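Student: Have a look at the structure that comes next, please.
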Amino acid sequence: MKLRGVDTISQAEVLAGREMFGRDEDVAPRGEDEFLPEELAGCGVATRDGRAVGTVRTVWEAGGAPLLILDPKDGKNEIYIPFNRAICTLIDVAAKRIVIEPPDGLLDLNEI
C-alpha cells in the first residue's frame, strides 16, 4: 500500500491498527530538540557535576512528558527521569550522553 498523504480523520481511520513503513528520505527532518527513542537508548546519564546516574534503557511515553527509564549505576531500582529541557539540559546522541539537573529529591524517589 502506497500512501501519498493523510489529510482527514476518515482517511486516517482506514489505517487504524495497521503497520506502516516508510523510507527515511520520505520523513520530514526532525527539529533540533526531537529525538527517536532508539537514539536515546544506551545514552549514559550524569548530573551536571559529573555524578553518573545510569544508562537509558528505554523511553516510556504514556501521555504527558516522556520518561527516560534508566538502569542505575548502583544496580538498585530503575530510575525514571522526565524527558524535558528543564531537567535534561544537554542531550548529545552522537556521544551517547545526557546531562541532567534534577530537582531536589528526584533521584531519591526510587529509594523506598
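Student: Just to be sure I understand: with springs between alpha-carbon atoms less than 10 Å apart, which residue in 101, 39, 19 has the highest mean-square fluctuation in the Gaussian network model of the chain?
Tutor: Residue with maximal mean-square fluctuation among 101, 39, 19: 19.
Student: I would also like to ask the following. Amide H to amide H under 5 Å from residue 97: which residues, 5+ apart in sequence or cross-chain, H placed 1.01 Å off N in plane?
Tutor: Close amide H contacts, sequence-distant or interchain: 44, 92.
Student: For the chain, give the share of DSSP beta bridges that are antiparallel, in percent and rounded to the nearest 5; count only bridges with both residues there. Working shown, then result.
Tutor: Values: 17 of 21 bridges.
Counting only bridges with both partners in the chain, antiparallel ones make up about 80 percent.
Student: From the Cα gyration tensor of region 31-108, with a ≥ b ≥ c the square roots of its eigenvalues, which class applies: rounded if a/c is under 1.5, or else prolate if a/b is larger than b/c, or else oblate?
Tutor: Working: a/c = 1.30, a/b = 1.23, b/c = 1.06.
Judged from the Cα gyration tensor, region 31-108 comes out rounded (a/c under 1.5).
Student: Please order 83, 21 by the number of other Cβ within 10 Å, starting at the fewest.
Tutor: Details: 83 21, 21 6.
Lowest to highest Cβ neighbour count: 21, 83.
Student: State the extension gain, in nm to one decimal, for the chain segment bounded by residue 27 and residue 12, taking 0.36 nm per residue of separation less the distance between their alpha-carbons. Intermediate values should be presented prior to the final figure.
Tutor: Numbers: separation 15, 0.36 × 15 = 5.40 nm, distance 1.73 nm.
Taking 0.36 nm per residue and subtracting the Cα distance, the gain is 3.7 nm.
Student: In whole Hz, what ³J(HN,Hα) sequence does region 60-76 give by Karplus (6.51, -1.76, 1.60; θ = phi - 60°), x for Gly and Pro?
Tutor: 9, 10, 10, x, x, 6, x, 10, 7, 9, 10, 8, x, 5, 7, x, 7
Student: Could you give each residue of region 8-23 its phi-based ³J(HN,Hα) in whole Hz, using Karplus coefficients 6.51, -1.76, 1.60 with θ = phi - 60°, and x for Gly or Pro?
Tutor: Computed from phi, the couplings for region 8-23 are 9, 5, 5, 5, 5, 4, 4, 8, 4, x, 9, 7, 10, 10, x, 7 Hz.
Student: Quick check on the chain: helices-only [θ] at 222 nm, where DSSP H runs of length 4 and up contribute -39,500 (n - 2.57) each and the sum goes over total residues. Nearest 500, please. Each step should come with its number before you reach the end.
Tutor: Values: 2 runs with 9 residues, N = 112.
It lands at -1500 deg cm²/dmol.
Student: Got a sec? How would 55, 8, 89 order by Cβ neighbour count within 10 Å, fewest to most?
Tutor: Working: 55 17, 8 8, 89 12.
Sorted ascending by nearby Cβ count, the order is 8, 89, 55.
We did not get these values from a lab; they are worked out from the coordinates using the rules stated. Given the structure is predicted, the values throughout are model-derived calculations rather than measurements. As a convention, Cβ positions derive from the backbone with ideal geometry for all residues, glycine included, and neighbour counts pool all protein chains shown.
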